[in-house]
Structure formats: C-alpha cells, structure tokens
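The values are calculated or read from the model by the stated rules, or taken from the named source; none is laboratory data. Note that the structure is a prediction, hence the values are computed from the model and not measured. Every residue, glycine among them, receives a Cβ derived from its backbone with ideal geometry; neighbour counts consider all protein chains shown. All accessible areas refer to the heavy atoms of the entire protein, side chains included, with ligands and DNA or RNA removed. Shrake-Rupley method; radii C 1.70, N 1.55, O 1.52, S 1.80 Å.
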Amino acid sequence: MAPLDHTSDKSLLDANFEPGKKNFLHLTDKDGEQPQIMLEDSSTGDDSAHDRLIGPLPREGSVGSTSDYVSQSYSYSSILNKSETGYVGLVNQAMTCYLNSLLQTLFMTPEFRNALYKWEFEESEEDPVTSIPYQLQRLFVLLQTSKKRAIETTDVTRSFGWDSSEAWQQHDVQELCRVMFDALEQKWKQTEQADLINELYQGKLKDYVRCLECGYEGWRIDTYLDIPLVIRPYGSSQAFASVEEALHAFIQPEILDGPNQYFCERCKKKCDARKGLRFLHFPYLLTLQLKRFDFDYTTMHRIKLNDRMTFPEELDMSTFIDVEDEKSPQTESCTDSGAENEGSCHSDQMSNDFSNDDGVDEGICLENNSGTEKISKPGLEKNSLIYELFSVMVHSGSAAGGHYYACIKSFSDDQWYSFNDQHVSRITQEDIKKTHGGSSGSRGYYSSAFASSTNAYMLIYRLKDPTRNAKFLEVDEYPEHIKNLVQRERELEEQEKRQREIERNTCKIKLFCLHPVKQVMMENKLEVHKDKTLKEAVEMAYKMMDLEEVIPVDCCRLVKYDEFHDYLERSYEGEEDTPMGLLLGGVKSTYMFDLLLETRKPDQVFQSYKPGEVMVKVHVVDLKAESVAAPVTVRAYLNQTVTEFKQLISKAIHLPAETMRIVLERSYNDLRLLTVPSKTLKAEGFFRSNKVFVESSETLDYQMAFTDSHLWKLLDRHANTIRLFVLLPEQSPGSYSKRTAYQKAGGDSGNVDDDCERVKGPVGNLKSVEAILEESTEKLKSLSLQQQQDGDNGDSSKSTETSDFENIESPLNERDSSTSVDNRELEQHLQTSDPENFQSEERSDSDVNNDRSTSSVDSDILSSSHSSDTLCNADNAQIPLANGLDTHSITSSRRTKANEGKKETWDTAEEDSGTDSEYDESGKSRGEIQYMYFKAEPYATDEGSGEGHKWLMVHVDKRITLAAFKQHLEPFVGVLSSHFKVFRVYASNQEFESVRLNETLSSFSEDNKITIRLGRALKKGEYRVKVYQLLVNEQEPCKFLLDAVFAKGMTVRQSKEELIPQLREQCGLELSIDRFRLRKKTWKNPGTVFLDYHIYEEDINISSNWEVFLEVLDGVEKMKSMSQLAVLSRRWRPSEMKLDPFQEVVLESSSVDELREKLCEISGIPLEDIEFAKGRGTFPCDISVLDIHQDLDWNPKVSTLNVWPLYICDDGAVIFYRDKTEELMELTDEQRNELMKKESSRLQKTGHRVTYSPRKEKALKIYLDGAPNKDLTQD
C-alpha cells in the first residue's frame, strides 16, 4: 500500500488506479492530527457559500435541504467536532426531537438563559440528579462551552423522572412547554426566579358576555402562556391566510341568540348577547400555537392541516388589544359585585370557549387592583407592541407522528440557524418562508393532503423594547457558581477527549484460548494500545485468561487465528518487540481475523506457523477397537502430493505410509478417500483448515470398495453420533423387578455386579424374577406343542394380529400384574416365532426386529449375545458384543423367522389420520429398516431431579427414528415404548413432546436433554386430547383436568364413558354420564356443544393436541339437536352497579324475538323493556361495571342473531341484558373511586382491561420527585 503524493501532477491512471474496477483508498491521520474542514476565504461576498450541514442530510422538505448550504466537505471525525456555526446540537435519544427543539429555543432566549444562570443550586437541599433547574443549567453551560458537535440530554430527562421508554414516546412540543414551565415554577418556589415564567410568558385576557338589550356585561379575567390559533374554522374549506387573520378571528365575538340566549341579571330574562374575548395584556415573550392537528369526523381519525399560513417577521399586536371601550358604566358597576376576577357574580353561567380549549389554562387568581390597573392603561400597551420573531418550531410529518426541529434567530448576530437535533446550520429568510406550509394550488378542503407536510407549528416572538431586551451574559459576567460549573464541565470534557483519543488508538480484537487443563475454548476481547509490543500484549492476554496459576507466561504466545475455519494462520517468531498496530495492520473497527493465546507444556517447543500453510487435523482410526482418536494437528502446503502428505503424517503419528488410507472430510459427512498418489492437496479439495481420518492396518477391509468397507461405516457412524442426556421417570417396584429380569436374563446364573444392578430394588423381587423365568419356560414348552398342533388350521395369523396392550391398565403394575404381562408377551412371541429357534442368530448391522409385538423382555430372554444396556456373566466380566461394540451398546432384537417374509410399510401421519402412531391397528410396533448405533450408560448429575429419578448418557446415531429410539430405551424405562412419552428440553427449560415417531433425531443436537414421562403412546387413529373444565361463574373459568385419548370413529358418548373413571381417579370428580357435556374449546372461548351421537372425524373434526371443554350440568341436557343454539346470558343491574351470574339460554332458532322471550322468562323483565348487547373479547367478556352501561352496543336493530353486528352463529356467545326502565345509580366521587379500584383489581386478575377502548396516547408528565409513581388504577 503506497501513499499518494497530493502535490503530484500524475493522472489517476499513472498513479496505478485500475479503470473499470473498484479502487480502495485508506484514509489515515497525518502526523497524528485529525483531518479538518478547509474553510474558504471569508472575504467572499455571499455568506451562504460557507453554509454547510455536516453529517446526514436532512429529510426532503425539511429546513436545510436546499443545496445552498449542503456541503460534501466533511471528515469522519466531524461528528466529534463543533459545528462551524459555533453552536452545539443535541443528540436525539430516539424520539426526543420535540424536546431538543424546545431546549434550543430556551437556550437562545437571553432573558431565560440569564435568569437560569443567576439561580444557584444548593446540593445540601436537593439531589443534583433530580434537580430540573440544575440539569438545565448544566446543559446550557455545555451548549455554550462544549467543543463537541452534539451533547446528550439524558441527564435532563432523568431529572424529569423519565426512563428509557420515554425516549420512544413522541409528544407535542407545546404540551412539553406547558408541563416543563409548571415543573420549573414548582422547583423555583420561594426563590428569586419564582415568578420568572409569568414575567416572561404570561398574558391576560377578558372573557365577557354583554347583553344586547341593556348593555349589562359579565366578565372574568383569564391568564394564558400561549395563544392557540385555528388554522381552518370548523366546517370551513377555507383556511386563514395569515397569523393576523387568525388573531382577528380569535377575538371575534359571537352572538348568542335563539336557544343559546343569555340570561341577563338586569333584564331578568333571556336576551340576545355578544360573547367574546379581549386581550388585556400581552407577555414579553409571545407564544403562538398554530393548531395544525384536528379531528376528521368523516374518517373518525386525527389529521394534520398542512394549509398555508403566513406569519410576519415583525408582528404589531396593538390592533388586537382593547378593541372596545373597557371603562363603560356597565363594566364599572359589574366590577363592584365583589368577585375578584369576575365582573358578574353569574359568570359561572356563561360558556367559556377559550378556557375549555386544550391549549389554555383555567384562569389563575389575580388581585383585583392589579387587574384594574392593567385595564385602565390601554394606551401604554398600544404604543409599544411590536414583536419580532425569533423562534419557529417546525413539524414535519402527519398526525400519527413526525419530526420536530427549530429555526432560531440569534440575537447576537441576527442570523437564522436550523437546530435539527445534532445538526446546526445557517439558513436564510427564504428557508423560514418555506415553513408557512401549503402548496401553490388552490386552498380547497383537501388541498392540505397534497401539500408539504413540513410547516411551522409554534412561533415565539419577543417584544421590541430596548429597555427590556437583554443580551447574553459574557463569561466575565457569569456568577461565581456558573464559573465553577463551567470549569468542572471543561475538565470532564477534556477527560472524555483524552479517553476518546485512547480509544482511537486502541486495537480491539477477539481473543481465544484453549484452557490447558479444562480443555475448554475461552473467548474474550483484547483491547491493546497500538504502541504496545507483542510481548506486552501476551502478558495482558495471559492475565485476561486467568492462567497465572496454571502455566508460566513463557509457555504462552499469540498467533493469528481464524475462528470460523478453526485455522492458525501464522505465528510471530522474532517479533516480540513489534508494536501491535503494525502486526494487526492498524487500528480498525473490525478485523478479518482473531488472535489465539496458544499454550505449551514446559518440555515442549512451539511449532512455527508460516503464511500459506494449511492446517490439517488428523484423527487416527482403529478398526479393531472401533475407535476414533483425538486429533493431531499437522501443517502442510496445498501443492504437496498425496504421497508427500502421507510421509508427513507418518512422521507425525508414527504409522507406516505404505498401508495408510487417508479420508478427507470435505464437508459434513462428505467423505473422500485419497487414492491418487500424484494428486495435489489443492486438487483433492483441501482448504485453510481440514479434517482427515487415517487408518493403517493390513486387514482385508483395504481391498473392499470404500463405501462398503468397515472404515466407511465406522466414520459414517462417528459423524452422525450425538450425545444425549435422558432423565428417566421415577420407577415403581414392579418396574424395578422387570428391569432386573432384563439384566438377569442376559447371562449365566451368577452374581450380579454393581454395574449391572443399576436399579436397587427389593431383594424379594429377585426371587420373583426367577419364578417368572421358570414359569415362562414351562409356558413356552406347552405353547410350542400347541402351536405345532394348530399349525395347519390357518388361525395362527389371527393370534398374531391380537394385542394385549389394551388390557394393560397402567405401566406401573404390581409384581403379579407384571408377571402376567410378561407371560402374555412370551406367549405372543412364541406364536410369531419358530419354536426351535431359541438362540440368537449372528446378525449384521442391517438386521432388525421388524415385529415389535415381541417386547424387549422377550428379546432379552431369548437372546444371549444381544442384551440390554449391560450384560454380566458368572465371572462378573463384560461380554463383548458380536459387532465389536462395547458392552453398553444396545442393539435391536433379532429378526424372527416368522417375520422375514413380511415387510411392513411405515405410514406417515399425513398418510394416516393425522396422528403420529407408534403402533398399527393390530397393536404391533413399527420396525426399523436399518441398524443404528445406540450406546447408553448411567450418568451422575448435580441437577436435582428428585428421588427415584435416574439419568442416562446416550450416544446415538441421529438418523435413528424416534420410534426405534424409544424401543432402545424400553429396558431403562421399565415399560414398553407404547407406555412412555419423550419430551425434548430446550434452553429455557421448556419441554415439548416429540410425537412424530417416523421422524429421525436429526433436529437434536449435541448434549440435548430429554425427559421421559410415563403414559400410553398413541395408536393409529388416536389423538391426545387435553380436557379442561368450563366454570362459567368462577374467577378462572378454564381449569385443566387431564390428558385423554380419543379415537377416530368413537362417539362422544363413548369418550364420556372412558372419561368417567379417569375423572374419578385423577380429579376426584364423581359424575354420571348424563350430568356433563363436552364442547368445543377455542383458546378460552366455549363453542359448539357436542351431542352424544356425534362421531369423531365424521361429525367433529379432531387434530393432534386437541383441546375440549367438559361442562358439568345443573340438570338434564337441553341440547338435543344441532339446530339449537346455546348462549350464555348475564343480567346487568344498573341501579345496583352489579352483574348477575351467567345463565344458559337454549334457543330453537336464531331469532332475536325468541331470545327476548327467553330472557323475559328467566328474569321477569317485561318483554318491551328488555335491552341486550353482545359481549366483547374473550370469554367471559369481562367489562367494568363503570363502562358497561354506555360502552356496549345495546339493543341492536336486527331481527336475527347471525347478522351484523352480532354474528352469533355458534354456541357459547355471551349476551348481556338489562331493564331499560332501571335507572343508573348515581355515585359520589368517593364511591366512584372506590369502585374503580375494585374493578381495576378484579379485571387485572382476570387479565382484562378496565375499559374497552382503543389504546390511548401516553400523557406527558414530569415527575418532580425524580421517579414516577405507578398507579395501577390508571389506564
């Protein structure tokens, strides 16, 4: 990488730039200095030529988007440097642009800033974190002195009591202004600034009503902090053209006539009157809010009015004050009425439109004398009411959301600036005019929809009064506490700058280390200064990985590492004193490589890793022991031949190269035997990091085709084997005896060692097992003779099709029951097997037991060489298995001769009835078509799994099906695979049942956990059903009862019959078949009532993990036909403010008239007085008693229930009804608050909202104590 000479006259082509290709340039610091913006000569006539916006360009249509002042001349460090305007921006936390606009406006207001600086914070009286004035003071000091481009506002918002979620709530800037001023007034009580807000921003107006017959006038004085101006009059398609026009409309009186006549105290009757507002006093800082947000009653949505409204740079307000004579005789006589702020004692009867406006406060109590004084001096106001515009807060967007920024004129240089969050730039008067809004077309009613959405929202004017207009305090004029604050903030900023400089020169790179003792790969992040040497970096990494007490630092080194390919790229011999910046290629945000802290033993020597080498992990394979050794790492070159590579490996692992077979694993389970000696490693597909398997033996396996060889099978098994941890269920004594029988049958009669006797059962059980075996042998002999006699009658196949699984009541039977089951299984095995073939056959890897009607008990008893988890002989030695696997390998049972000619197909769930069944219709288990590796051994874990639970560590080929996996687990669980379920445990300890038995374990990964639970598995056509009890009048109406199994073709009555004993045993419910019903369950909603004659899969659709409601009946079942409709009714009693319990109403049709009649029968309300409404939401359709009377759609004008707006077409709908003549109870405020708390508590417990209404906007609040109080009663 050669540096470019910026003084050279060479063309880009001469400077080795390649045409038509990407050319990369690397920008670096020159002499340690950051790149700076080159400012043009200030003698240029046009100032706008210098105007620039550094950083992201503003949105289209926003101020500052003109090309006049957008510059592409900015550096990557510009975000850290102060804007060329000299002003500092504010960082937008997320959606706090409205806050930034207001803060910048207040900062650019000299009177406000100076007053804030004069206030002194007393740390002994208040926490600085929660002090709003102090945090504003700090922010203003930073805005004035910081060298940053933008500063954070998080300290200010924290003083408001806001958390991070508030940053994602956009609010109205005018609303924020009012709330912030209120908070400041509270904080400034009893200080010099106590009346600051009123002195600067408060004005006064008179709200009056004058009788047109006698001239009597009633009035009151209100105060205001801003004036809300309507953009477009209600119902009009024409917007006001200017602010002046809107101000005139604001004080335009209206005539009260007709039904709106005013009751005159003097005339003692209703008379026509004039009602209006008069400005009495304008504030020093005049705030005008342009009400651009309105409500469209056609679409019932909030809208933004983008109509054009001009506003002048200077506004003469003298024309808007005292437009009528304030000192009329009537007014004076009214003032003597005794009211402080009112000219009439009847002022409460007048409508005060202004005070009801959302933008204005109610009147604040004032002294009568001061009010009269203001009224009596109109002439003084008129002579000096010229206001100059200095802040325009702009909104860009719609009523649903948008972006705020501020255009502010500096009183220091009369220059306009755009404060757009962190971007501050110069703008012109033309840019201000663009915020007037509107478009060039006609101003029709819908014109604003096509106009620019960027327009002025709030205007702030300052009175032009040389005696009052202040200038910003100079540094030498600062109070002492501000000077100290400035000094502290500068020191903090310098400290941050030094820290940033360190960060800019710090290399941050991923660091890995394989712990020399634990053999666990550790990961961390190494942060090292670019000038630190490699030796110093090794010491840092050594301490970071906590290796001080493990190995000496001399046994460690850093090497270049590629974690993705697990590849060691190179080592750094002889570069211990080289700076890390040079070794890593400079300071970068991300690196394309990592570092590995490599370790060695004291007697070892580090290997040199050179660039260009490839890394090969060599696994040695032992065919006799059927083992794959841990890898040995060697390094090779891609241009080496296979022969040379064999010689290299031979030296590393000391195996002869002549008989060596090398297998390359190019990708997952893609094995390639390297057979061409002259081929290079690159041609064979080697890459940066590779894995090979090496075998060197003189067996005949060398001569076989690779895919048929023992080596391929072993590697294939190795690649697909995963380790699982299986939690077994708590065992009963009966199950223990079974498992002891499994183990006992595996070898000769002798002592059972500790490894075999994994489950400690009662000693008495051992005797019972021997008895079982003797009895089984006798039965086998007698049944063998019987089979020979009946062999020609053709009925033997019928007995094969019979299964006794249905007769097993529980997987945890007592000892006698277990014995009988085992004998039945032995009988069945004999009927499907050759009676003479009792010894196990020699079997290949593909042998399988395709007929699982023979249980694991049978196969273990009849097989001597293929046993369950551990086989024991008389000498307490483990017996090697025929396939060479260790004695813990569990193989499939042998294939019986009776089943050799019979191949069962494995139907999937989709091909069957939608269920994953382990057993076919005859009760036989589905078989495997290929042997899959399975190895299980007990495992001790620290996890508390409960007494009686055991863990297994299972190594299994993940291509095995779930059905075969369950069959292998039978000896350990102690029951047949049809009587236990497999649950997969995820990282969050959530358990999900694995039910698709035809699927493999390929979705399982290494070290997954599995839980085994007892319970019968499904047969073909069966479905597992969750049964819930429906309790309509309980607080929790949905209660889980049990898991049941329903079958295709079963009637509802049959399923109820099967449920009765289960309900009695598991739930303690004693029910008769006619006293409960089943009905559809959709989430928590009750649905269709199932009739006894309905058939599953024919009349009722059923699916896996189906859910159903069980409802206990109070009397005889009323639902007899599908044409009937069952609804749940609930009476609302407004006079008592309460709801009655649910009552079921069964209708013969969907007629509203019938519903009314039924409600009349059960309630006694006259038919003509019944009103009803459909419940909303999820059952039980809870609603607050404070809202139900007015929020529901009462008495819909329909004749049938199955049309809009009811749409009641199925059972289970909720109907509220009431007596329309019953009056609503009148509540006191105390009663209402108490009831609201009760309802809130009740509805929160049931998971329902207090009111049924759309989500409301979150109110903007500033918490004076620094933290919000959570009020659960608020919506």
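Distance between the C-alpha centres of the range 1124-1185 and the range 175-213: 53 Å, rounded to the whole angstrom.
A Förster radius of 22 Å combined with the Cβ-Cβ distance from residue 668 to residue 617 puts the calculated FRET efficiency at roughly 0.90. Taking every alpha-carbon pair within the range 530-658, the share separated by more than 24 Å comes to 41 percent. Considering all C-alpha pairs of the range 96-222, those separated by over 22 Å amount to 45%. Rg then Dmax, both in Å and based on the Cα atoms of the range 953-1069: 17.2, 53.
When peptides 1176-1188, 1050-1062, 88-100, 228-240 are ranked by their average number of other Cβ atoms within 10 Å per residue, the highest-first order is 88-100, 1176-1188, 1050-1062, 228-240. Across all directions, the average projected area of the convex hull around the alpha carbons of the range 587-724 is 11.8 nm². Length available on full extension from residue 488 to residue 242: 0.36 nm per residue minus the Cα-Cα distance, which gives 83.8 nm. Once a ≥ b ≥ c are taken as the square roots of the eigenvalues of the Cα gyration tensor of the range 1086-1241, is the result rounded (a/c under 1.5), prolate (a/b larger than b/c) or oblate (a/b not larger than b/c)? Prolate, because a/c is 1.5 or more and a/b exceeds b/c.
Can you tell me how the range 116-164 classifies by the Cα gyration tensor, rounded, prolate or oblate, using a/c under 1.5 as the rounded cut? Taking the square roots of the gyration eigenvalues as a ≥ b ≥ c, the range 116-164 is oblate. Rounded to the nearest whole angstrom, the semi-axes of the ellipsoid equivalent to the range 234-304, taken from the Cα gyration tensor as √(5λ), stand at 30, 21, 11, largest first. For a test of the definition: using alpha carbon positions, the gyration tensor, and the 1.5 limit on a/c, classify the range 184-296 as rounded, prolate or oblate. Because a/c hits 1.5 or more and a/b fails to exceed b/c, the range 184-296 counts as oblate. Applying the criteria of a DSSP loop state and at most 13 other Cβ atoms within 10 Å to the chymotrypsin sites (Phe, Trp or Tyr not before Pro) of the range 544-642 yields 564.
Listed values for the range 1175-1192 are Karplus-derived 3J(HN,Hα) couplings in whole Hz (6.51 cos²θ - 1.76 cosθ + 1.60, θ = phi - 60°), namely x, 10, x, 7, 4, x, 6, 5, 8, 5, 5, 7, 10, 4, 5, 10, 8, 7, and x replaces Gly and Pro. Here the convex hull built on the C-alpha positions of the range 520-567 has a volume of 96 cubic angstrom per residue.
Shown in residue order for the range 461-469 are the 3J(HN,Hα) couplings computed by the Karplus curve 6.51 cos²θ - 1.76 cosθ + 1.60 at θ = phi - 60°: 10, 10, 5, 7, 9, x, 6, 10, 4 Hz (x for Gly and Pro).
Report, to the nearest whole %, how much of the accessible area of the range 954-1006 belongs to carbon and sulfur atoms, 1.4 Å probe, protein only. Answer for the range 954-1006 is 47 percent, counting heavy atoms of protein chains only. Modelled label positions at residue 1154 and residue 414, each set 7 Å beyond Cα in the direction of Cβ, lie 8.7 nm from each other. Each peptide in 969-978, 687-696 receives the mean, over its residues, of other Cβ atoms within 10 Å, and ordering these scores from highest gives 969-978, 687-696. The residues of the range 112-199 present an accessible area of 42 Å² per residue when probed at 1.4 Å with all protein chains retained.
For the range 992-1050, the solvent-accessible area works out to 46 Å² per residue, with a probe of 1.4 Å and every protein chain left in place. Provide the net charge surrounding residue 111, with neighbours chosen by a C-beta distance below 9 Å and charges set as Lys +1, Arg +1, Asp -1, Glu -1. Cβ neighbours under 9 Å give a net charge of +2.
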